[in-house]
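Have a look at the structure below before the remarks.
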């Protein structure tokens with residue numbers, strides 16, 4: 001990344017080599033079709049994409065009408081919602097009719113992925129210019145005449161889009177991991193909190209009792225808004241979030257709260273720190289039960305508790321409504337603790353992943369602002385490698401060892417990590433992050449392999465006292481040396497702009513077996529070779545390249561396994577791209 005000089009334009013400062021253009025000069029907006037209600041069917045040949053369907057698969061309508069080709073959107077098309085909800089979307093599903101409140105955006109001389117991010121970075125301005133009272137919208141003429149700044153080089157547009165796309169893929173990967181962890185936790189709750197699955201070492205009885213006979217359910221103290229005083233103690237009322245803050249607490253830490261009124265009446269929360277409880281019921285610690293266990297039991301019964309609501313327009317739940325709720329509980333206090341600790345560990349892991357995802361969401365927002373305004377550039381001087389001074393050219397070997405040291409630093413404790421897995425992760429990083437570390441791979445039994453580069457890496461890391469590759473019975477292991485971590489300042493310098501994709505690669509393959517890494521790297525290499533041939537090909541061609549034109553050892557893995565991993569690569573964004581992608 002490099003900084004650049006700016007020039008003043010009608011929309012502010014932009015890089016000297018960028019230009020200001022109206023949207024209509026590089027994109028065409030095509031309206032979808034307006035439908036009468038009787039034309040929208042509950043089933044039919046084509047789905048009809050409405051604005052709400054961008055967020056949910058529910059309430060799809062269908063049509064059997066055969067329309068002009070321009071009124072269909074296909075996978076990869078750029079769409080824009082211009083009514084009520086604004087924003088650009090890359091359509092990722094199959095052939096669909098799109099509704100009137102959506103434009104299909106046809107790009108002319110601008111990278112489609114770049115325009116996707118450019119339009120979404122402009123959404124706030126579009127909202128401020130929307131019209132209409134009951135249904136706000138943006139007019140087509142307004143959007144067509146909007147001024148945008150964009151790089152004159154499509155290469156720079158592609159690099160900006162790729163950097164932001166890599167961040168999106170990382171955020172999406174984290175979101176999928178979080179959802180998977182939540183499902184695992186929910187399954188564990190179903191098993192552990194009902195006694196269907198017992199932890200090792202526990203075989204005591206469980207009893208079914210009414211909640212009110214086990215715990216003391218109290219009503220919070222009423223607090224008027226005028227009585228709030230400045231402080232750091234959360235005031236917990238009927239809502240999901242604190243209603244405010246106070247300077248005193250009426251409940252010590254480790255308190256369960258159940259919202260008492262409003263649409264969220266019955267909502268379960270748990271506060272480890274002191275709170276001021278007002279419009280809610282509370283359960284505090286007791287001698288005969290472990291409070292964390294009670295919390296998870298109530299969380300499992302959240303929907304049952306919501307059904308205890310009484311009242312009409314203003315639902316409410318009082319302690320007397322909750323008290324008869326029946327729960328199963330181990331007689332042995334230690335079993336309650338053991339179960340709750342397992343679920344708490346899962347919660348901590350999910351929370352950590354959510355924090356990481358939120359960090360990258362914020363980072364992406366900052367990246368969009370800087371990359372799409374030219375404050376940060378993703379262009380490089382057009383200097384050929386052979387024209388570089390020898391000392392600078394040789395630096396590629398050091399940069400290569402820095403990359404390997406970061407991989408080793410993150411994975412050396414993993415039992416699946418060794419020489420072969422290191423090689424495959426370097427290969428995938430080099431290609432997916434589009435970095436040049438002067439590797440020259442050949443087709444080996446274990447996948448793409450560069451033995452010369454790996455020997456150089458091992459030598460350099462040992463010389464720097466970062467890691468040493470030690471031979472063991474089942475291969476090589478990377479052992480930390482006294483200067484472990486000394487590479488990080490260089491890693492941040494050389495690879496900061498590819499960090500999102502690098503993180504995704506490491507997180508994805510952290511616990512993968514060596515064979516899994518071999519399969520993915522081999523498929524990637526074969527796939528990429530076919531792409532470079534500029535000939536059309538199918539999945540069967542990729543598999544034939546691996547099984548028949550690579551190495552005899554590849555046939556030990558079934559063709560179905562290769563196909564499954566190929567589908568996984570496509571679904572998770574681990575696939576090679578042509579220069580036009």
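Some notes on this structure:
- Flag for residue 398 being part of a loop (DSSP other than H, G, I, E, B), modelled with pLDDT of 85 or more and assigned by TED's automatic domain parsing to the domain that holds residue 497: no
Quick grid of which residues meet (1) touching a strand residue (DSSP E or B) at 6+ places or on another chain (Cβ under 6 Å); (2) assigned to a strand (DSSP E or B):
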site: 81; (1), (2): yes, yes
site: 86; (1), (2): no, yes
site: 89; (1), (2): yes, yes
site: 92; (1), (2): no, no
site: 98; (1), (2): yes, yes
site: 103; (1), (2): yes, yes
site: 106; (1), (2): yes, yes
site: 116; (1), (2): yes, no
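- Number of the exception - residue 301 against (1) at pLDDT below 95; (2) out of contact with any helix residue (DSSP H, G or I) (no Cβ under 8 Å at 6 or more places or on another chain): (1)
- Some residue of the stretch 356-373 being modelled with pLDDT under 95, farther than 30 Å from residue 114 by Cβ and outside any helix (DSSP H, G or I): no
- Condition met for residue 313 (at pLDDT 95 or above and either in the same structural domain as residue 253 (by TED's automatic domain parsing) or farther than 17 Å from residue 208 by Cα (or both)): no
Yes or no, residue by residue, for (1) farther than 30 Å from residue 275 by Cα; (2) over 40 Å from the mean Cα position of the chain (by Cα); (3) outside any loop (DSSP other than H, G, I, E, B):
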| position | (1), (2), (3) |
| --- | --- |
| 187 | yes, no, yes |
| 195 | yes, no, no |
| 201 | yes, no, no |
| 223 | no, yes, no |
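- Count of residues meeting criterion [buried (at least 16 other Cβ atoms within 10 Å of the Cβ), more than 24 Å from the chain's Cα centre (by Cα) and either in contact (Cβ under 8 Å) with a residue 40 or more places away in the chain or assigned to a helix (DSSP H, G or I) (or both)] in the stretch 46-70: 5
- Residue 484 vs. criteria in a loop (DSSP other than H, G, I, E, B), touching a helix residue (DSSP H, G or I) at 6+ places or on another chain (Cβ under 9 Å), modelled with pLDDT of 85 or more and over 22 Å from residue 435 (Cα atoms): yes
- Selection status of residue 335, over 17 Å from residue 212 (Cα atoms) and touching a residue at least 60 places away in the same chain (Cβ under 8 Å): yes
- If the condition is being crowded, with 23+ Cβ neighbours inside 10 Å and either in a helix (DSSP H, G or I) or at negative phi (or both), then the stretch 430-448 contributes only 448.
- Screening residue 10 with (1) exposed (fewer than 14 other Cβ atoms within 10 Å of the Cβ); (2) touching a residue at least 40 places away in the same chain (Cβ under 8 Å); (3) under 20 Å from residue 92 (Cα atoms) gives one miss only, at (3).
So that you can scan it fast, the table gives a plain yes or no per residue for (1) touching a helix residue (DSSP H, G or I) at 6+ places or on another chain (Cβ under 6 Å); (2) within 18 Å of residue 259 (Cα to Cα); (3) modelled with pLDDT under 95:
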| position | (1), (2), (3) |
| --- | --- |
| 200 | no, no, yes |
| 203 | no, no, yes |
| 213 | no, no, no |
| 224 | no, yes, yes |
| 231 | no, no, yes |
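- One residue from 253, 266, 286, 238 being touching a residue at least 12 places away in the same chain (Cβ under 8 Å), in the same structural domain as residue 320 (by TED's automatic domain parsing), more than 35 Å from the chain's Cα centre (by Cα) and not in a strand (DSSP E or B): 286
- Matching residues, the stretch 27-45, being surrounded by 15 or more Cβ atoms within 10 Å (Cβ to Cβ) and within 18 Å of residue 111 (Cβ to Cβ): 27, 29
- Residue 549 fulfils the conditions (1) surrounded by 17 or more Cβ atoms within 10 Å (Cβ to Cβ); (2) touching a strand residue (DSSP E or B) at 6+ places or on another chain (Cβ under 9 Å) except for a single criterion, (1).
Per-residue answers, yes or no, for (1) modelled with pLDDT of 85 or more; (2) part of a helix (DSSP H, G or I):
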site	(1), (2)
456	yes, yes
471	no, no
478	yes, no
489	yes, yes
507	yes, yes
527	yes, yes
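- Residues satisfying the criterion are absent from the stretch 226-249 (criterion: within 24 Å of residue 188 (Cβ to Cβ) and crowded, with 19+ Cβ neighbours inside 10 Å).
- When residue 54 is tested against (1) touching a strand residue (DSSP E or B) at 6+ places or on another chain (Cβ under 6 Å); (2) at pLDDT 90 or above, exactly one condition is not met: (2).
- Checked against (1) in contact with a helix residue (DSSP H, G or I) (Cβ under 8 Å, 6 or more places away or on another chain); (2) under 30 Å from residue 502 (Cβ atoms), residue 345 meets all criteria but (1).
- Residue check, residue 465 part of a loop (DSSP other than H, G, I, E, B) and either modelled with pLDDT of 90 or more or farther than 25 Å from residue 415 by Cβ (or both): yes
The values are calculated or read from the model by the stated rules, or taken from the named source; none is laboratory data. Everything numeric in this text was worked out from a predicted model, so none of it was measured. Glycine also receives a Cβ, built like all others from the backbone with ideal geometry; neighbour counts cover every protein chain displayed.
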